[in-house]
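The values are calculated or read from the model by the stated rules, or taken from the named source; none is laboratory data. For clarity, every value in this text was computed on a predicted model and none was experimentally measured. Positions of Cβ are backbone-derived with ideal geometry, glycine not excepted, and every protein chain shown enters the neighbour counts.
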């Protein structure tokens, strides 16, 4: 913590492929509550394995017994946040940036 926010600059891309689960003190928790809010303007954030258009695919979840919840934290983070905007939505990823 502290190093990433200082080193990245405008037009840099932060690629996030996390554990996809919010747990006390883990990587997702730190990213969304400590790192992303401190990023400078213009940094693009690629968040992998996110379907911002809806739920995680039910068959994928059942077949792989994966119960990710990161995208729900991201949606809450963006919901009333005027500092960040979605600049691109893919089927399994999203790009956001600080305005």
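Is it the case, given these coordinates, that residue 54 is modelled with pLDDT under 95 and under 22 Å from residue 2 (Cα atoms)?
When the stated conditions are applied, residue 54 does not pass them.
So which residues in the range 34-46 are out of contact with any helix residue (DSSP H, G or I) (no Cβ under 7 Å at 6 or more places or on another chain), surrounded by 14 or more Cβ atoms within 10 Å (Cβ to Cβ) and outside any loop (DSSP other than H, G, I, E, B)?
If the condition is that a residue be out of contact with any helix residue (DSSP H, G or I) (no Cβ under 7 Å at 6 or more places or on another chain), surrounded by 14 or more Cβ atoms within 10 Å (Cβ to Cβ) and outside any loop (DSSP other than H, G, I, E, B), then 36, 37, 44, 46 are the ones that fit.
List pairs: first residue in the range 47-60 and in a loop (DSSP other than H, G, I, E, B), second residue modelled with pLDDT under 80 anywhere in the structure, Cβ distance under 7 angstrom, at least six positions apart or on different chains.
Taking only residues 6 or more apart or on different chains, the pairs are 51/91.
Could you list, in sequence order, all residues of the range 10-30 that are surrounded by 11 or more Cβ atoms within 10 Å (Cβ to Cβ), within 21 Å of residue 82 (Cα to Cα) and out of contact with any helix residue (DSSP H, G or I) (no Cβ under 9 Å at 6 or more places or on another chain)?
Hits for the range 10-30 are 10, 12, 13, 30.
Can you name the residue in the range 61-82 that is touching a residue at least 12 places away in the same chain (Cβ under 8 Å), surrounded by 13 or more Cβ atoms within 10 Å (Cβ to Cβ) and under 15 Å from residue 36 (Cα atoms) and is also nearest to the chain's Cα centre (by Cα) among such residues?
Restricting to residues being touching a residue at least 12 places away in the same chain (Cβ under 8 Å), surrounded by 13 or more Cβ atoms within 10 Å (Cβ to Cβ) and under 15 Å from residue 36 (Cα atoms), the top hit is 74.
Do you know which residues across the range 24-46 are touching a residue at least 12 places away in the same chain (Cβ under 8 Å) and over 12 Å from the mean Cα position of the chain (by Cα)?
Result: 34, 38, 39, 40, 41, 42, 43.
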